[in-house]
1. Quick check on segment 103-166: take the gyration tensor over C-alpha atoms, sort the square-rooted eigenvalues as a ≥ b ≥ c, and tell me if it's rounded (a/c under 1.5), prolate or oblate.
2. What spacing in nm lies between the two simple spin-label points modelled at Ala92 and Thr73, each 7 Å away from Cα in the Cβ direction?
3. May I ask you to derive the FRET efficiency for Ala54 and Thr122 from their Cβ-Cβ distance with R0 = 25 Å, giving the value to the nearest 0.05?
4. Starting from the coordinates of the alpha-carbon atoms of segment 62-207, obtain the Kirkwood hydrodynamic radius over all distinct pairs and give the value in Å to one decimal.
5. Using the Cα centre as the reference, give the magnitude of the dipole from point charges on the C-beta atoms of segment 116-184 (Lys, Arg: +1; Asp, Glu: -1; all else neutral), rounded to the nearest 20 debye.
6. Once you list every other residue whose beta carbon is under 13 Å from the beta carbon of Glu71, what net charge do they have if Lys and Arg are +1 and Asp and Glu are -1?
7. Could I have the simple spin-label model distance between Glu133 and Ser177, label points 7 Å from Cα toward Cβ, reported in nm to one decimal?
8. Find out how many positive minus negative residues lie around Ala94, taking Lys and Arg as positive, Asp and Glu as negative, among other residues whose Cβ is under 12 Å from that of Ala94.
Amino acid sequence: MRSESIVFALAGVAFGLIAGWVIGTQQTTSRVPAAPAQASAPEPAAETGGTRAALLDEAQVTALKSVAAREPTNARPRGQLGDLYFDAERYAEAIQWYGEAVKLAPGDVNISTDLGICYYYTNQPDKALEQFEHSLQLDPNHVKTLLNVGIVRAFGKQDLDGAVQAWQQVIKLSPGSAEGQAAKRALDSMQAAHRGVGGGAAQKPGA
């Protein structure tokens, strides 16, 4: 897996207002964040942030598959294949390769979380949360995983209290980071629209 990059995926939710959300893990620098796109509700398989999917480099895929076939215990080419399919928004194929990479490198928190994101985008929120739980067993303070947990709980499970708990943990761990700021925006928007969620009250017009 290309460990120095960040994957940004965007989802929207209607809490009386539209908010942008960031989910991401450490991956390739080629994945640059897009401006938040408005949406009435999150769709697990929707385009990420309104951006077009990257074209799949078939030559690179062929080369990496060849390496993977020659090196059956090497997680790296499998993680790289997962990255390519993720960028192309071919999440089912990304799941296949990330899954193989996780089996070979079960201690890699970033690949584990990437796999969880793909489960979310294929409308499998329970499997996504299960995979994120594995990531958090590896690193309980992995803020990108915690940010994702909040998003999947809010959007995939309609568990607002669970989302609040995850986002509050992100803010506590890393308040000045991009993840901490995204969690703060998410939390503020949710509490403004839902009285009593996370101890917040709905904001009244003109308040």
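The numbers here are math on the coordinates, done by the rules we state, and not lab data. Being a predicted model, the structure only gives us computed values, none of them experimental. Quick reminder, even Gly has a Cβ in these numbers, built from the backbone with ideal geometry, and neighbours come from all protein chains shown.
1. Numbers: a/c = 2.55, a/b = 1.40, b/c = 1.82.
Because a/c hits 1.5 or more and a/b fails to exceed b/c, segment 103-166 counts as oblate.
2. 3.3 nm
3. According to the calculation, E is roughly 0.90.
4. Values: mean 1/r = 0.0616 Å⁻¹.
For segment 62-207, the Kirkwood estimate is 16.2 Å.
5. Numbers: 6 positive and 7 negative charges, 37 e Å.
My answer is approximately 180 debye.
6. Details: positive: Lys65, Arg70, Arg76, Arg78; negative: Glu100.
Result for the local shell: +3.
7. Each label point lies 7 Å from its Cα, and together they span 2.3 nm.
8. Numbers: positive: Arg78, Arg90; negative: Asp83, Asp87, Glu89, Glu93, Glu100, Asp114.
Charge balance in the 12 Å sphere: -4.
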